[in-house]
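Written below as structure tokens is the structure these notes are about.
The values are calculated or read from the model by the stated rules, or taken from the named source; none is laboratory data. Just so you know, these numbers come straight off a predicted model, no measurement behind them. Heads up, the Cβs are rebuilt from the backbone with ideal geometry, glycines too, and the neighbour counts pull from every protein chain shown. Accessible surface is based on the protein model in full, side chains and every heavy atom, while ligands, DNA and RNA are left aside. Shrake-Rupley method; radii C 1.70, N 1.55, O 1.52, S 1.80 Å.
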Amino acid sequence: MSRTPWWDGGVNFACQPDCGACCDQPGGVVFLSRTDIQRLAARAGMEEMAWIRRDCTTSLNGRLVLRSRPSDGICIYLDGDKRCSVYADRPQQCEAFPWWSENLKSMRAWRKIRQTCPGIDAPDALRVEGDVIRLHVARDLESGRGVRLPLPSQET
Ligand code: SF4
């Protein structure tokens, strides 16, 4: 029987406006799910393969990842005001932050990520319930498994 995770009773969090600290990381890797590709290509008004050629590259083992700017290694979608230019359609790995399994694996890991994410335990934080956290964890894990070319067909 698996143990109940420490966060099961909920965690206080509210993403802070004008922060962007989690995106403003040189060398960050954003893996994409199949639905991310579909959504971001549609947002760009492009055919999926054309969008992949423009905005993606691959990890060492062939998973599709978002490109970074060659000049500083930051995500191509972070604008000059440190805002995500595709926020409403952002990849589910980004949406799942800070609820990544690597951050939640222990209180120690969580305390470490809290040093970089001012949304955790912020004065305006709301209780995020364990079921919601579980959903984010699952989506982040799905993204981490990644998508490789040729694209698998999209289930709708
Ligand atoms: S670091 Fe935390 S508070 Fe800042 S943008 Fe990212 S999730 Fe929001």
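Some notes on this structure:
- Any hit, region 124-137, residues being free of Cβ contacts under 8 Å to residues at least 12 places away in the same chain, in contact with a helix residue (DSSP H, G or I) (Cβ under 8 Å, 6 or more places away or on another chain) and either within 11 Å of the ligand (Cβ to nearest atom) or more than 25 Å from residue 79 (Cα to Cα) (or both): no
- Neighbours by Cβ (under 7 Å, 6+ apart or cross-chain): first from region 96-123, open to solvent by 40 Å² or more (accessible area, probe 1.4 Å); second more than 13 Å from the ligand (Cβ to nearest atom) and assigned to a loop (DSSP other than H, G, I, E, B): 107/6
- Residue selection: residue 131 fails the criterion of being of a type in the set (Asp, Glu), on the phi > 0 side of the Ramachandran plot, modelled with pLDDT of 95 or more and surrounded by fewer than 19 Cβ atoms within 10 Å (Cβ to Cβ).
- Test: residue in region 141-156 that is in contact (Cβ under 8 Å) with a residue 40 or more places away in the chain, within 15 Å of the ligand (Cβ to nearest atom) and in contact with a helix residue (DSSP H, G or I) (Cβ under 9 Å, 6 or more places away or on another chain): no
- Restricting region 29-45 to residues that are in a loop (DSSP other than H, G, I, E, B) and closer than 23 Å to residue 74 by Cα, the residue that is most open to solvent (accessible area, probe 1.4 Å): 29
- Scanning region 1-28 for residues that are among the hydrophobic types (A, V, I, L, M, F, W, C), within 16 Å of the ligand (Cβ to nearest atom) and assigned to a loop (DSSP other than H, G, I, E, B) yields 7, 14, 15, 19, 21, 22, 23.
- Taken across region 76-83, residues that are closer than 25 Å to residue 15 by Cβ, modelled with pLDDT of 95 or more and either assigned to a loop (DSSP other than H, G, I, E, B) or open to solvent by 50 Å² or more (accessible area, probe 1.4 Å) (or both) do occur, with at least one present.
- Residue in region 46-60 that is part of a loop (DSSP other than H, G, I, E, B), away from the ligand (no atom under 14 Å from the Cβ), more than 17 Å from residue 137 (Cα to Cα) and open to solvent by less than 50 Å² (accessible area, probe 1.4 Å) present: yes
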